[in-house]
Amino acid sequence: MSDQTKYDVIVVGGGHAGTEAALASSRAGARTLLLTHNIETIGQMSCNPAIGGIGKGHLVKEIDALGGIMAKAADAAGIHIRTLNARKGPAVRATRSQADRALYRAAIRTAVENQQGLHIFQQSVDDLIVDEATNRCSGVVTESGLRFNAVSVVLTVGTFLGGKIHIGDVQQAGGRAGDAPSNALAKRLRALPFRVARLKTGTPPRIDGKTIDYSQLEAQPGDTPRPVFSYLGSEADHPEQVHCHITHTNEKTHEIINANLGKSAMYSGNIEGVGPRYCPSIEDKVVRFADKTSHQIFIEPEGLNTHEVYPNGISTSLPFSVQLDYVHSIKGFENAHITRAGYAIEYDFFDPRDLHASLETKFIDGLYFAGQINGTTGYEEAGAQGLVAGINAARAVKGLEAWSPRRNEAYIGVLIDDLITRGTLEPYRMFTSRAEYRLLLREDNADLRLTEKGRELGLVNDNRWQQFNNKVEAIERNRESIAKWFVHAASDDARKIEQAFDVHVQKDQQVLDLLRRPEIDCTGLQKIFPDRFPVNNKAALLQLETQIRYQGYIERQQEEIEKQSRYSESRIPQSFDYANVSGLSSEVQQKLSEQRPDTVGQASRIPGVTPAAVSLLLVSLKKQQLLDRRVGQIA
Amino acid sequence: MSENTDTIAAIATASGKGAIGIVKISGARSLEIASLITKQTLKPRQARYTPFFNSFGAVIDQGVALYFKGPNSYTGEDVLELQSHGNHVLLDQLLDVATNAGARVARPGEFTERAFLNDKIDLAQAEAVSDLIEASTTEAASAAVRSLQGEFSAEIQVILEQLVNCRVYIESALDFAEEEIEFLKDSELTDRFTTLESSVTQLLQRSEEGVLLRDGISIVIAGLPNVGKSSLLNRLTGQDTAIVTDIAGTTRDVLKEEINIDGMPIHIVDTAGLRNSDDPIEQEGVRRAHDQINQADRILFVVEAGCEPEQSLLDELPDGIPVSFVLNKADLQSGIQQLENMLLVSAKTGEGISQLREHIKQCAGFEKTAEGALMARRRHIDALTKAQSHIRSGHRHLQDSSAGELSAEELRLAQDQLNLITGEFTSDDLLGEIFSRFCIGK
């Protein structure tokens, strides 16, 4: 019988970051404890019932490639699934799924309960055990005084730190409607040397679907065939499908909101936290875009076994009576019954610039932060961080070097690098425009980018590994085969291609060149010339086609990466004294001393650090190296 | 390590005219650039006397090309050194070939920096490297700021706005496809691209003409006959360029010389004395003098000390071109008062000449810089040219296949280039623009 109070890794929090962290940590071989204040809310979607979207879907696929759970759960719970940007290029195509909350929670709960080496315990955490002498975190203390010890502790407490809920001028403490906040832990953390600030986010009132007149509203069906998130998944994983609906606010709605602005927590000055620019409350939209007479509302179903819906687009901190009034002014909602009031929530977050890329904190060894606590928003952003924190917490136990993907390897890398080098002023959400290597970081190749690494880290099981290798082989065999294929103008092949794709093959050319034309695709070619493609695998054909189409750009981005990586991996010792770097401006010196980047690459991405400053830093590091070597020789 | 670096290029000799000019190139593309310029494959460590070709394949000079294969080179990388005649237009063309082939113009001190990082310089020299980087960046930064004042800066700002404008629409269509944004019609976007493209092209044309950016300034010496204009030219160039006699009207033709004041090229034009003459040769000389005066960036109007500049002559000078009055023959007069806006000199004795040089330098608007302010501005042209080619590709993608993400990629690359001139514009800045313009967020 093993000791129930001693673990390799403790993960505090059972949300999207916490569950990915706990799963990754135990998969990587660490004996792991997941501590949550309520086992029933493990895998709870606190905001809207949807997974994925542009930029976010990319993260989900990357989590999947690294053996995470989010994609599988989203497939098991997906009741309305679409590919966004389907008519644009593959790099910006993204999967988005409405999820049945109950099914999603169940999928996560099942995975967590069945994970070998992972235990769950229900109890709120009030304190961290930190050795003052070594600045090392070695466990946690729960609200009833139970002590749990571990080598690494991952904190994923979301919006629960000092959480405060606002509805109009009414405020109450809470980490989510219906859940108590973690105030004792918040107080404890505020006493540590981390930089803390407040953020704000909001939700709309929820509505009983039975009281909505859908006959007046535009229905939006999901895609057929249905997109699938997990590389191991299929359409068969999906439950029954339903429609979403669309309605709009109108001038009457805006009138009501304008007349009651003073009562909004946002406008009465009760909220100090900063909300996201891309997810404004309805009162913000009405004020900031006064010339718009209507805003879109997506009516998202909460699940198959409930009538409750989530009207996405009207989040608010107005008093309940005003919420009733403006909701009733909206088409289809004339007789709507609100089941839960909308609210704004303010919470503490820790400046992510105080983290290493491993997500370990710079001030306290063995302590990792992941998810909304780092200033992000979104399940996908949280899950991605959880995964990385979980892996690294487990690796630290074994004395292994930390791992975090680079900006050119994954959106996860962009996310973490942005956070630790630039920090954030608003809840950080992923967008494809944040990724300078957008054409490389696609949903369709997340497995090709990350599965091998995942295997090396111990996160990829034999089944996934086998399927991955099959796909790679299929791509390569097809590529080899068509690489030798030359189409002569006016030949039989040319005629068939012209007929099938409505194009003109003017001159003799390679099929590889023909495939760069937007009208021609591999799947279509395979249908006409099955013998030319040794392996008929849909995903492999699509992959080959995308690689051929983007080839020039991919090569250029690779070149850019090589240039960048020259010195960017050079490590800066944590004890490095920036005051000794001659020539650095005091502003840059201060920034670097404050932030203590781990590598020269990170330093170069801190705002205000110029290329010349990077040069001076490199020269100074090299000088230090030479000096150290000389001292070594003398000794 | 050397195959992983980008290739840098720079004119290694001081700007302005010298006997020999050197262009240095370091990095993986050196050999490739060598073959573009010399049309042959160079062997390491062998000097080759060869014709130099420009980007259009024309022979522009005959010179010595040296290729060093890394790590056996000054920087530890592949290095190409081109020694040609010291004419900056020529050197610029060599630099053009390099940048067209993927090199970028080196930052100040960058060759030395690479040498140090590749273990080619020892510790004792490290401090000097830091100093060099620091000193030259300060100068480059101030040169960049200077050249960003006025019209050039205004034009760049316009281009930046137009570029961001296009990006806002393209990027929001990619990242916020589900939002109810009023997306531009393709035709409107195409129009914006066209405007952007022509703005960049116009600015580049003007820059390439050198009026604004490259050639330093042109100064025309004018005045009555026999006031010592040619003597002044000889004094300024330090050479016996112009024939000087006591006979009024000796100078018939236009004489052009280039001098170098602290690395800044100044074109000095000596002209025939302005007077009515029956001599058809002299008449032609006066006509040519007026031509030159009309093209000048500044006129040095020479008057004999003690005399007043003749009003009728002053009236003939074109509007809008600044005039400096130079009182010559100070040696012949005593007690001449130094008047405001007038420079008292003696071309014969050299008195006042250093003040005149200082005055010219100030008029040109440059302080002394290690690399020559021209280099900083060469970088701007380089960046603008690259931005232009990305904008064109982006436009083409939009027209051919309305491939949003490829247009977006080209515009991102164009913005990266403009960032070199204007300072950083990050993806977060772009998102800020999008959020301020559109109501995003369901």
Run down the aspartates and glutamates and flag those whose C-alpha is under 12 Å from the C-alpha of A:Lys362, throwing out any fewer than 8 positions away in its chain.
A:Asp351, A:Asp354, A:Glu594, A:Asp598
For the stretch A:477-578, run through the trypsin sites (Lys or Arg not before Pro) and keep only the ones in DSSP coil with at most 12 other Cβ atoms within 10 Å of their Cβ.
A:Lys484, A:Lys507
Restricting to chain A, compute how many DSSP beta bridges are antiparallel as a %, nearest 5.
70
At 1.4 Å probe size, what's the solvent-accessible area of A:Met266? Round to the nearest 10 Å².
50
Within 10 Å of each Cβ in A:612-624, the average number of Cβ atoms from other chains
6
Can you give the Rg to Rh ratio for the stretch A:206-345, taking only C-alpha atoms and Rh from Kirkwood?
1.02
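May I ask which of A:Lys285/A:Lys331; A:Lys164/A:Lys200; A:Lys507/B:Lys39; A:Lys263/A:Lys285; A:Lys210/A:Lys263; A:Lys622/B:Lys69 have a Cα-Cα span longer than 20 Å here?
Correct reply: A:Lys507/B:Lys39; A:Lys210/A:Lys263; A:Lys622/B:Lys69.
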Under the rule a/c < 1.5 gives rounded, and otherwise a/b versus b/c splits prolate from oblate, where does the stretch B:215-359 land using the Cα gyration tensor?
rounded
What is the dipole size for the stretch A:93-235, taken about its Cα centre, with +1 at each Lys and Arg Cβ and -1 at each Asp and Glu Cβ, in debye to the nearest 20?
360
Expressed as a whole number of Å, what is the distance separating the alpha-carbon centroids of the stretch B:80-120 and the stretch A:132-167?
56
1.4 Å probe accessible area per residue over chain A, in Å²:
39
What is the interface area between chains A and B, defined as buried accessible area summed over both chains with a 1.4 Å probe, reported in Å² to the nearest 100?
5100
Between rounded, prolate and oblate, where does the stretch A:110-269 land on the alpha carbon gyration tensor, with a ≥ b ≥ c its root eigenvalues, rounded for a/c under 1.5, else prolate if a/b exceeds b/c?
oblate
With a Förster radius of 41 Å, plug the Cβ-Cβ distance of B:Asp331 and B:Ile20 into 1/(1 + (r/R0)^6) and report the FRET value to the nearest 0.05.
0.65
Taking protein heavy atoms only, a 1.4 Å probe, and rounding to whole percent, the accessible area of the protein assembly as shown owed to carbon and sulfur comes out at 48
Express as a percent, rounded to the nearest 5, the fraction of DSSP beta bridges in the stretch B:2-121 (both residues included) that run antiparallel.
90
Share, in percent, of DSSP beta bridges within the protein assembly as shown that are antiparallel, nearest 5
65
With a cut-off of at most 11 other beta carbons within 10 Å, and DSSP calling the residue loop, which trypsin sites (Lys or Arg not before Pro) in the stretch A:70-178 qualify? Please list them.
A:Arg87
Using the structure shown, list the pairs from B:Lys43/B:Lys120; A:Lys187/A:Lys453; A:Lys252/B:Lys185; A:Lys471/A:Lys563 with a Cα-Cα distance above 28 Å, or answer none.
A:Lys187/A:Lys453; A:Lys252/B:Lys185; A:Lys471/A:Lys563
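Counting partner chain Cβ atoms within 10 Å of every residue's Cβ in A:555-562, what's the average?
Counting Cβ atoms of other protein chains within 10 Å of each residue's Cβ and averaging gives 2.
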So, R0 is 25 Å and r is the distance between the beta-carbons of A:Arg198 and A:Glu143; what FRET efficiency does that work out to, to 0.05?
0.60
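Once you have a ≥ b ≥ c as the square roots of the Cα gyration tensor eigenvalues for chain A, tell me rounded if a/c is under 1.5, and otherwise prolate or oblate according to whether a/b is larger than b/c.
oblate
The values are calculated or read from the model by the stated rules, or taken from the named source; none is laboratory data. Please read all numbers here as calculations on a predicted model, not as lab measurements. Methodologically, a virtual Cβ is constructed for each residue, glycine included, from the backbone with ideal geometry; neighbour enumeration extends over all protein chains shown. Just the protein is used for accessible areas: all its heavy atoms, side chains included, with ligands, DNA and RNA removed. Shrake-Rupley method; radii C 1.70, N 1.55, O 1.52, S 1.80 Å.
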